[in-house]
Each structure stands twice: as structure tokens, then as C-alpha cells.
Amino acid sequence: MHLKATAFILLFTASALFVKAQNQRSSDKIAVTAKQMIDVRSGKEIPNVVILIEKNKITAVGSNLKIPDSVQIIALGDVTLLPGLIDAHTHLLHQYYTKYGDDNSNRLLEMVQLGPAKRALLGVKLARGMLEAGFTTVRDLGNSSINADIALRDAINNGDVIGPRMFVSTRALAPVGGQFQSVTPEAQQLLNQEYAQVSGAEEARKAVRQAIYDGADCIKVIVNSGSRRLSPEEMKVIVEEAKRANLPVAAHATDGDGPAMIAAEAGVSSIEHAYTISETVLNIMAKKNIFLVPTDVLGVTKYQDRIKRALKAGVRVAIGSDIYYEFPGKTRGQVCAGMYKTYVAAGMTNLEVLRAATLNPADLIGNSSIGVLEVGRFADIIAVKGNPMTDIAVLEGVVFVMKDGKVYKQ
Ligand SMILES: [Zn+2]
């Protein structure tokens, strides 16, 4: 009786282990199949595509690949596969409401009403919406209170919260006053919650070192805000300190060529917005491999021609949404997915837009494991109905999302 019981327990344990091993194997290896895939690097459409995945990485990609036994198959049928979208300029811990008025009123309200905890919880909601819309990675550039972006990024990486891979800047470095218009001396004490205000090269150096210590993946700097501008010396020190730690620098520059020129000469990694940029600065950007991150709004044609001028000068474009107003009834991700039409309207080809939504921002972030569906990269895969090479608007209807080998939407 005793022996029998022991044998039974052993047998039971062995079979339980076997079942566990089987499950392990089937969930570790996945094949995703679809009618076609766009190789964003070559621009080729790959028919009857099979992507083999082991754990979180792609192990094979091609037409009609043989699928080994014991691999879990996700057959998506009549859809087009693409690498997960990358938004090169987001603010996932930052939301304005038209009912509160303009940017300035919203900025003040947000600063006094939402501390890091509330900002992080807002981020939880917005991050989920982004991932479900097909954005598997974002570069989040400030306006996130003190290190709330770090908390959200880490919670996502831990699997505690659902969202895209986040590459975050912590507080943006800025001239005194940040992006706030005139406030009372008492209120000025609060501005450091939103911006690391720097005045002089040593303060700039210290702010970058603080961001690195806090865990930033990149540095965001507001070169100009109204008539307040950082100096070439301050910008040089910021880039020097960031590059020593291998962090890219994103520079907000608007209002003529001056701020963009200071940023380009300092050797930043990307210039954000740059609505009024000239050929002179674009040529320096091309020479130094500085990305343009346009954050254009559909229907605004005033600055559209710079996109074509940038491409002509040989500047690589990484598209960023910079969307932070609430659109009732839509998630942040749904609103952001609508931005790609803007760039086709500005004269980019569909393939150029797809690269600016995947490959280019991956290079800008400096991560060689994302941005394209190739062997060795992370399994960040989305599917759309229709063909984005002929209709970019299909990106607004992502039907399947896999991030890091895990399915989030099907
Ligand atoms: Zn922004």
C-alpha cells in the first residue's frame, strides 16, 4: 500500500512535470502567419509570411517557411504584418483638456493639481491605449512631473502594467521658467516639478548628471521658450555629458533658425518640431546624422514643405505625435495612429512614412532590437487589414498586437 502510494505520487509528479514542460515548450515557440508582411528596410512585400518566434525574439522570417511540430501557430489570415509602431515623441503622463482653456491654463492646473502619483496613474491608462493601437515602443519626452515616467517605464518592464516599451527623459532641461509664461514669485517654486531649469553651463551639466542618476534613457532639452533661450555653451555641455553616458539628446527648437542652429552645432541626436527650419540647418543635420522629429497636425499646411526639404537634404525623419490633448471617446493611441496621413499629405511616400514610424525612431533611440522584423530582433509585431503601402490610413485599424513575444490584442 505504502509502496503503491509512493509509486503513484512519483508517476503523478512525473506526468505533471511533463505537462508543464509541454506547455512551456508550446508557449516558448510561436509561429505567426499572414497573407503578407512589409519589410520596412527593403520595402518589399513578403507574401505568405511566416515569422518564427522563440521566447521574445524572432528566429526566422520568410515566405512559406516550414513550421516545426510543437510550435503554437497564430494564423492571422488576410492581414499585413508590420513591426510595432514607434512614437518618437510622446507625453504619456501629460493630458490637457479643452474645457480648461489653452495650453497655458492647462499647464498651470496640471502642475498644481497632479503630483507624480496621479501623473503615473494617468500614464497607466494612456500607455495601455498606445499599445492596443499598435505602438509597441515610445520615446517619452518630459512633462511627467518628477520621475513619474521612470516609475511607469519600470512598472511596464516588470509586467505590472500593460504598455509599450518606454524610453524616457525624466524632466526636460529648460531655460528659467521652463515653458510657463509669467507666474508669481511664489508659484515659481513649483516650476521645478515640471522642468529642470538651468542657468549656466555648470547647472546644465548638473541637470544632465541628475537625469542620468534618476534613470533617464535620453535627455530632453527645451532650447527656446518665447524669448528665453539656452546658450551655445549650455547646449554643448548638455550634449557632452549625455554622450558620455551614451544617451541621445532630443532638442525642442522652434521660432526661426536660431535655436535649431544652436542644437545642431552642439550635436544633438534629434531636433523636435523645427517648424521654420532652413536649408542651412537641415544640411548640418544631414551631415551630423541628426534626426528631424516633426510633430505635425493634419490640415496644418503652413510648415508642410519642410518635410520634403528635410528628405531632399538627406535628413532622416522619425515621426512623433506630441499629442497631449484629450479627444473624448478615443484613446491616446487611437488619436496618435491618425498622424501618419499628415505625412503622406506632406509628400512622403508610404514607405518613407512606414520607415519614419519604425526603423528610423529605433535608430534614433539607439536600440538595435526593435524597428524591423528581422532575425534576432524582439517579436514586436502588429497586423493591419489592407496594405499600408497603398493606404496609410490602415494603420488606424491595428487588429493584432504582439510585444516582446506576448499577444496583447487579437
Ligand atoms: Zn512635446
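The values are calculated or read from the model by the stated rules, or taken from the named source; none is laboratory data. Remember, it's a predicted structure, so these values are computed and weren't measured experimentally. Quick reminder, even Gly has a Cβ in these numbers, built from the backbone with ideal geometry, and neighbours come from all protein chains shown. Calculation scope for accessible area: heavy atoms of the full protein, side chains included, ligands and nucleic acids excluded. Shrake-Rupley method; radii C 1.70, N 1.55, O 1.52, S 1.80 Å.
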Fill in: Cβ crowding within 10 Å averaged over residues, with 45-56, 311-322 ranked highest first
311-322, 45-56
Worksheet item: Mean shadow of the chain, computed from the convex hull of its alpha carbons, in nm²?
Response: 24.2 nm²
Practice prompt. Note down the relative contact order for the chain as a percent, whole number, built from C-alpha pairs under 8 angstrom at least six residues apart.
Written response: 18 percent
Discussion item. So with the 1.4 Å probe, I'd like the accessible area per residue for the stretch 136-186, rounded to whole Å².
Written reply: 33 Å²
Fill in: Residue-wise HN-Hα coupling along the stretch 153-165, computed from phi with Karplus coefficients 6.51, -1.76, 1.60 (Hz; x: Gly, Pro)
4, 5, 5, 5, 4, 6, x, 7, 9, 8, x, x, 4
Fill in: Carbon/sulfur fraction of accessible area - the stretch 309-368, other protein chains in place, 1.4 Å, %
52 percent
Practice prompt. Write down, largest first, the equivalent ellipsoid semi-axes of the stretch 291-392 in whole Å, where each equals the square root of 5 times an eigenvalue of the alpha-carbon gyration tensor.
Written response: 21, 19, 14
Worksheet, complete the sentence: Per residue, accessible area of the stretch 89-128 with a 1.4 Å probe, heavy atoms of protein chains only, in Å², comes to 47 Å²
Worksheet item: Counting only residues 5 or more places away or on other chains, whose amide H sits under 5 Å from the amide H of residue 147 once H atoms are built in the peptide plane?
Response: 171
Worksheet, complete the sentence: Under the helix-only model (-39500 (n - 2.57) for each DSSP H run of 4 or more, divided by the residues of the chain), the mean residue ellipticity at 222 nm, to 500 deg cm²/dmol, is -11000 deg cm²/dmol
Item to complete: In a Gaussian network model over the chain where Cα atoms closer than 10 Å are linked, find which of 101, 84, 371 has the largest mean-square fluctuation.
Response: 101
Worksheet item: To one decimal place, what Kirkwood hydrodynamic radius in Å is obtained for the stretch 261-310 from all pairs of distinct Cα atoms?
Response: 11.1 Å
Worksheet item: Just the accessible area per residue of the stretch 309-410, please: how many Å² with a 1.4 Å probe?
Response: 37 Å²
Practice prompt. List the equivalent ellipsoid semi-axes of the stretch 330-374 in whole Å, largest first, each obtained as the square root of 5λ for an eigenvalue λ of the Cα gyration tensor.
Written response: 20, 15, 8
Worksheet item: Using unit Cβ charges (K, R positive; D, E negative) and no other charged atoms, how large, in debye to the nearest 20, is the dipole of the chain about its Cα centre?
Response: 980 debye
Worksheet item: Using all Cα-Cα distances in the stretch 157-215, what percent lands in each 5 angstrom bin from 0 up to the longest?
Response: 4, 17, 22, 18, 15, 11, 8, 5, 1
Worksheet item: Viscosity 1.002 mPa s, temperature 20 °C: Stokes-Einstein D of the stretch 357-409 from its Kirkwood Cα radius, in µm² per second?
Response: 178 µm²/s
Worksheet item: Over all directions, what mean area does the Cα convex hull of the stretch 121-227 project, stated in square nanometres?
Response: 7.5 nm²
Worksheet item: Stokes-Einstein at 10 °C, 1.306 mPa s, Kirkwood radius from Cα pairs: D for the stretch 37-151 in µm² s⁻¹?
Response: 91 µm²/s
Practice prompt. Just need the Rg to Rh number for the stretch 159-282, please, alpha carbons only, Kirkwood Rh.
Written response: 0.99
Worksheet item: When the Cα centres of the stretch 111-148 and the stretch 254-275 are compared, how far apart do they sit, in Å?
Response: 26 Å
Worksheet item: Where does each of 57-66, 235-244 land if you order them by average Cβ count within 10 Å, highest first?
Response: 235-244, 57-66
Worksheet, complete the sentence: Checking rank on 302-308, 190-196, with mean other Cβ inside 10 Å and highest first, the result is 190-196, 302-308
Item to complete: Provide, as a two-decimal number, the C-alpha radius of gyration of the stretch 216-370 over 2.2 N^0.38 Å, N being how many residues it has.
Response: 1.02
Worksheet item: Among 154, 69, 87, which one shows the biggest mean-square fluctuation in a GNM of the chain, springs joining Cα atoms closer than 10 Å?
Response: 69
Item to complete: Determine the distance separating the Cα centre of the stretch 372-408 from the Cα centre of the stretch 297-332; give it in Å without decimals.
Response: 21 Å
Fill in: Dimensions (Å) - the stretch 196-269, Cα atoms, principal axes, largest first
33, 22, 16
Worksheet item: Which pairs, out of 57/288; 29/330; 44/403; 243/406, put more than 27 Å between their alpha-carbon atoms?
Response: 57/288; 29/330; 243/406
Discussion item. What aspartates and glutamates does residue 125 reach when the alpha-carbon gap must be under 16 Å and sequence neighbours fewer than 8 apart in one chain are set aside?
Written reply: 140, 149, 154, 160, 326
